[in-house]
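A short write-up of the structure that comes next.
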Amino acid sequence: MGPTGDQLETQRLVIRRFTPDDSADVLELGRDKESSEGGKYDHPWPTSEEGCRGAVEFCSANERFWAVCLKGSRRVIGLLALSSTEEPGTMEVGHVFHTEFLDDDLDTEALACIMNHAFSTLGSERIICQNAEEWTGQLRPLRKLGLKVVDRGDGTDFFQRDADGNPITFVGCRMATTRNEWLRLRGAQT
């Protein structure tokens, strides 16, 4: 599983930059995310055709976003975000996957690929992610990949509101792994 320009591949996935042709799949992904148990813990996604065209335009112009596609059909089933942080040598990964594909470990496969890319190609020394601790489906693949909770705190989301119009609050957790931990775990699996 290695990079080819702006594309990474695994056994079952192609991870590539977004294109304007992805709007219909992103619309489906956005509607699924918004109706999922964890949708309330993340910034709202557009659920209209126009909104998704705008989101795809934004993602395709920004190198931090990657479309996760099934190899056979090329259907977009997830989004990965990989960005630099203010902490030297540290990158942050974010992910959203269509709930239909969570039981197949495709999220774990995609995250492993993008994290390997961050460590091996981009020279990252540490990867972090930040999620709601209650969104267990979001944390499951990260835990499988060896990330550990390193901090907890207030995860108030001022974009999402409860039934009374107040910002929702939750426990946010920061998970992390280092290059050495990643390589040690990968070596143990080979």
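Taken together, the values in this text are just the output of simple stated rules run on the coordinates, not laboratory data. This one's a predicted model, so the numbers in the text were calculated from it and none came from an experiment. Glycine gets a Cβ as well: all are built from the backbone with ideal geometry, and neighbour counts include every protein chain shown.
Tabulated data for the structure shown
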{"item": "Fluctuation leader among Phe65, Phe170, Phe18 - the chain, Gaussian network, Cα springs under 10 angstrom", "result": "Phe170"}
{"item": "Residues in the stretch 99-134 that a label on Thr178 would reach, taking backbone N under 15 Å of a point 7 Å out along Cα→Cβ", "result": "124-128"}
{"item": "Glu87-Leu122 pseudo-label distance in nm [points 7 Å out on the Cα-to-Cβ vector]", "result": "1.4 nm"}
{"item": "Neighbour net charge for Ala81 - beta-carbon separation under 12 angstrom, K R +1, D E -1", "result": "-2"}
{"item": "Selected from Ala110, Ala61, Ala176 as most flexible by GNM, with the chain as the system and alpha-carbon contacts under 10 Å", "result": "Ala61"}
{"item": "Segment Asp104-Glu49, extension gain: residue separation times 0.36 nm, minus the distance between their alpha carbons", "result": "17.0 nm"}
{"item": "Residues whose placed amide H lies under 5 Å from that of Phe18, excluding near-sequence neighbours", "result": "Ala67"}
{"item": "The chain - Rg over Rh from alpha carbon coordinates, Kirkwood radius", "result": "0.95"}
{"item": "Proximal aspartates and glutamates relative to Lys71, as straight alpha-carbon distance under 19 Å, when same-chain residues fewer than 8 apart are discounted", "result": "Asp6, Glu9, Asp21, Asp22, Asp25, Glu28, Glu100, Asp103, Asp104, Asp105, Asp107, Glu109"}
{"item": "At R0 = 22 Å, FRET efficiency that the Cβ-Cβ distance of Thr136 and Glu34 yields, to 0.05", "result": "0.75"}
{"item": "Loop-located GluC sites (Glu not before Pro) in the stretch 63-137, at most 15 other Cβ atoms within 10 Å (DSSP)", "result": "Glu63, Glu86, Glu125"}
{"item": "Arg186 versus Asn166: modelled label distance in nm, points set 7 Å from Cα along the beta carbon direction", "result": "4.6 nm"}
